[in-house]
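The values are calculated or read from the model by the stated rules, or taken from the named source; none is laboratory data. Since the structure is predicted, the reported quantities are computational estimates derived from the model, not experimental observations. Don't worry about glycine lacking a Cβ; one is built from the backbone with ideal geometry, like all the others, and counts go over all protein chains shown. The protein model used for the area step is the full one, side chains on, heavy atoms only, and it has no ligands, DNA or RNA in it. Shrake-Rupley method; radii C 1.70, N 1.55, O 1.52, S 1.80 Å.
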Amino acid sequence: DFAYDNIRLFDATPSLYKNFEAEAVEVGVPTTLHLTVVNTSELSAKNGWSFTDNLPTGMTVAATPNVETTCLVDVAASGSTIAVTNGNLASGAANCNISVDVVLGAGGAFNNVIEGAEGLDGQPSDTIRGLVPHFTLTKSVDPSSITAAGQEVTYTFTVLNDGDVPLRDIEVED
């Protein structure tokens, strides 16, 4: 009777999480996207899970994606898609980590959501912001006019960083 009267149900479905390595990154500079599958408390083997991460418009897999994983899984990463199939969490494994480098092609906020994972709980999302380098250059002359040959004038160039990131290697040639 005790076995029938005190039935306990456990959810044996692992959960999927994601996060970007940084909250913001310069446009065109690779950053790492971390995908984590967390096992349930009983830590039994979980086999056959999969998901596809369709990256938002303006975000792509890096030319060198540096795919790394801590579990048995197939990862195909190119263009704007990361496909993870044949996922296997070994018995006793607390989690599985998958990382892929991605690149932002424009400034602004990019919200990345995974929908429709098979054999996994959750609809993980994370947001990253693309930072754009930009500067404004102005040129002035003093005096603004000359009246005779041989008079000297001084040109002043002013570079203003009005972008999102520190400027590097700026050269002005006139």
Fill in: Span from the the stretch 131-173 Cα centroid across to the the stretch 35-59 one, whole angstrom
52
Worksheet item: Per the helix-only calculation at 222 nm, which mean residue ellipticity applies to the chain, given -39500 (n - 2.57) for every DSSP H run of n ≥ 4 and division by its residues, nearest 500 deg cm²/dmol?
Response: -500 deg cm²/dmol
Worksheet, complete the sentence: Counting only DSSP beta bridges with both partners in the chain, the antiparallel fraction in percent, to the nearest 5, comes to 90
Worksheet item: Relative contact order (percent) for the chain, with alpha-carbon contacts under 8 angstrom and 6 or more residues of separation?
Response: 25
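Longest span of the chain, sites excluded, free of trypsin sites (Lys or Arg not before Pro) in DSSP loop with at most 14 other C-beta atoms within 10 Å?
So the longest stretch without any such site is 9-167.
Let me check I've understood the local charge: for D74, count other residues with C-beta under 15 angstrom from its C-beta, Lys and Arg +1, Asp and Glu -1. What total comes out? Numbers along the way, then the final one.
Details: positive: none; negative: D53, E68, E118.
Summing Lys/Arg as +1 and Asp/Glu as -1 gives -3.
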Practice prompt. Would you mind calculating the relative contact order of the stretch 92-144 from Cα pairs under 8 angstrom and at least 6 residues apart, reporting the percent as a whole number?
Written response: 32
Practice prompt. Let me see the pair-distance distribution of the stretch 125-174: every alpha carbon pair, 5 Å bin width, integer percents in order.
Written response: 4, 14, 18, 14, 12, 10, 8, 7, 4, 2, 2, 1, 1, 0
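Quick check: with the 1.4 Å probe, what order do D142, D164, D174 take by accessible area, largest first?
Numbers: D142 105, D164 85, D174 135 Å².
From most accessible down to least: D174, D142, D164.
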Worksheet item: Given a 1.4 Å probe and every protein chain left where it sits, what share in percent of the accessible area of the chain is carbon and sulfur?
Response: 49
Worksheet item: Rg and Dmax of the stretch 94-141 over Cα atoms: what are they, in angstrom?
Response: 18.9, 69
Worksheet entry | Hull volume in cubic angstrom per residue (convex hull over the Cα atoms of the chain) | 142
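For a distance above 15 Å, tell me the whole-number percent of Cα pairs in the stretch 38-91 that qualify. Write out the running numbers ahead of the final one.
Details: 765 of 1431 pairs.
Value for the stretch 38-91 (Cα pairs over 15 Å): 53 percent.
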Response to the item:
A student applying the Cα gyration tensor rule (rounded when a/c is under 1.5; otherwise prolate if a/b is larger than b/c, oblate if not) would label the stretch 71-174 prolate
Worksheet item: Which one of A93, S80, L137 is farthest out on the positive end of the charge dipole of the stretch 71-174, using unit charges on Cβ (Lys, Arg +1; Asp, Glu -1) and the Cα centre as origin?
Response: A93
Worksheet entry | V29 long-range amide H proximity, modeled H, under 5 Å | L104
Worksheet item: Name the GluC sites (Glu not before Pro) in the stretch 117-174 that are in a loop by DSSP and that have at most 14 other C-beta atoms within 10 Å, would you?
Response: E152, E171, E173
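Can you compute the charge dipole magnitude of the chain about its Cα centre, using +1 on each Lys and Arg Cβ and -1 on each Asp and Glu Cβ, nothing else charged? Give it in debye, rounded to the nearest 20.
Values: 6 positive and 23 negative charges, 41 e Å.
In total the dipole reaches around 200 debye.
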Practice prompt. Rank P124, G108, T158 by how far each Cα sits towards the positive end of the charge dipole of the stretch 104-174 (+1 on Lys, Arg Cβ; -1 on Asp, Glu Cβ) and give me just the farthest.
Written response: T158
Worksheet, complete the sentence: Sorting L167, N54, A148 by the position of each Cα along the dipole of the stretch 15-174 (Lys, Arg +1; Asp, Glu -1; all at Cβ), the one nearest the positive end of that ordering is N54
